[in-house]
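The structure appears below as structure tokens.
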Amino acid sequence: MGIEVKNNIRIILHQPSHPGNIGATARAMWTMNLSSLYLVSPKSFPDPAATARASGAEHILEQAIVVSSLDEALADCAVVIGTSAQNRHLPWPQLSPRECAQYVVEQAKVQNVAILFGPERTGLSNEDLQRCQHQVAIPANPEYSSLNLAMAVQVICYEIYGALSEPSDQPIQPLANDAQMQSFYLHLDQLLDAIQFRKPTSSPDLMPKLKRIFNRAQLDEDEINLLRGVFKKICKDPST
């Protein structure tokens, strides 16, 4: 698999609190030949503890991209996979680590793909997970299933390393990126208000459910533009 595929695979740590985990993540990535690390609002970085734990992968830390929001980290990513072992009130499409790796490698042929890891103490919030097309959980002892952040990164990166060595000629259609999807969801939210779709009895999960539908559909840019054209027409003339 070409270098460009590997470079399209992005590991994102969202609000990591322990700098040692950042360093251990860099080491986990480099042992599996991945190098694109994004840090969203890290509590402490740069930090000597991160450098010490990187142990030979300091260059991953030096080139890491530090941003203040998920919007910045995900804007140009067309595929986002959230890592979480938590069962959710509103379940998200699930992948095993191996399925995740195979999907990531296929999609990275033509676009940026992100694997999103949440804060050590809380993991990804429901709102964070709504930015993702899929959720991946690492099978573990049900009596003690909590993995350290860097350990979780290592497992996922290991599976990606294996998937990168598997040849595949499956054609891939480029998808709309996260910035386009978030703009689409804002437009959809405005449409629901304009046509007075929401009622006091409406489900509080209305937007999360709609996001789940459209995330599962894996829309491309042309499809986004088509749907937004429909939204504009409806807003001009709700009777249509």
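Say we look at segment 149-182 and pick out the residues that are within 17 Å of the chain's Cα centre (by Cα) and without any contact (Cβ under 8 Å) to a residue 60 or more places away in the chain; which of these is nearest to PRO97 (Cα to Cα)? Full working, then the answer.
Here is the first cut: in segment 149-182, the ones within 17 Å of the chain's Cα centre (by Cα) are 149-150, 152-157, 159-160, 174-182.
Still in the running and without any contact (Cβ under 8 Å) to a residue 60 or more places away in the chain: 155, 180-181.
Details: VAL155: 8, GLN180: 27, MET181: 25 Å.
Only one residue fits best here, namely VAL155.
LEU188 meets all of the listed conditions (1) in a loop (DSSP other than H, G, I, E, B); (2) hydrophobic (A, V, I, L, M, F, W, C); (3) in contact (Cβ under 8 Å) with a residue 12 or more places away in the chain but one, namely (1). Examine segment 207-217 for a residue that is more than 30 Å from MET29 (Cα to Cα) and outside any helix (DSSP H, G or I), and state whether such a residue exists. No, the conditions are met nowhere in segment 207-217. Tell me, please, whether a residue that is over 22 Å from TYR158 (Cα atoms) and of a type in the set (A, V, I, L, M) can be found in segment 10-32. No - not one qualifying residue is present in segment 10-32. Taking the stated definitions as given, is TYR144 aromatic (Phe, Trp, Tyr) and part of a helix (DSSP H, G or I)? For TYR144, the condition - aromatic (Phe, Trp, Tyr) and part of a helix (DSSP H, G or I) - is not met. Among the residues of this structure, ASP128 counts as one that is touching a strand residue (DSSP E or B) at 6+ places or on another chain (Cβ under 7 Å), in a helix (DSSP H, G or I) and either modelled with pLDDT of 90 or more or over 17 Å from ARG216 (Cα atoms) (or both).
Among the criteria (1) outside any helix (DSSP H, G or I); (2) surrounded by fewer than 17 Cβ atoms within 10 Å (Cβ to Cβ), the one HIS59 does not fulfil is (1). Taken together, the residues in segment 7-42 that are more than 16 Å from the chain's Cα centre (by Cα), farther than 16 Å from ARG53 by Cα and part of a helix (DSSP H, G or I) amount to 0.
For segment 77-94, the criterion of being hydroxyl-bearing (Ser, Thr, Tyr), in contact with a strand residue (DSSP E or B) (Cβ under 6 Å, 6 or more places away or on another chain), part of a loop (DSSP other than H, G, I, E, B) and modelled with pLDDT under 95 is met by at least one residue.
The values are calculated or read from the model by the stated rules, or taken from the named source; none is laboratory data. The model shown is predicted, which means the values in this text are computed figures rather than measured ones. Cβ: placed from backbone, ideal geometry, glycine included. Neighbour counts: every protein chain shown.
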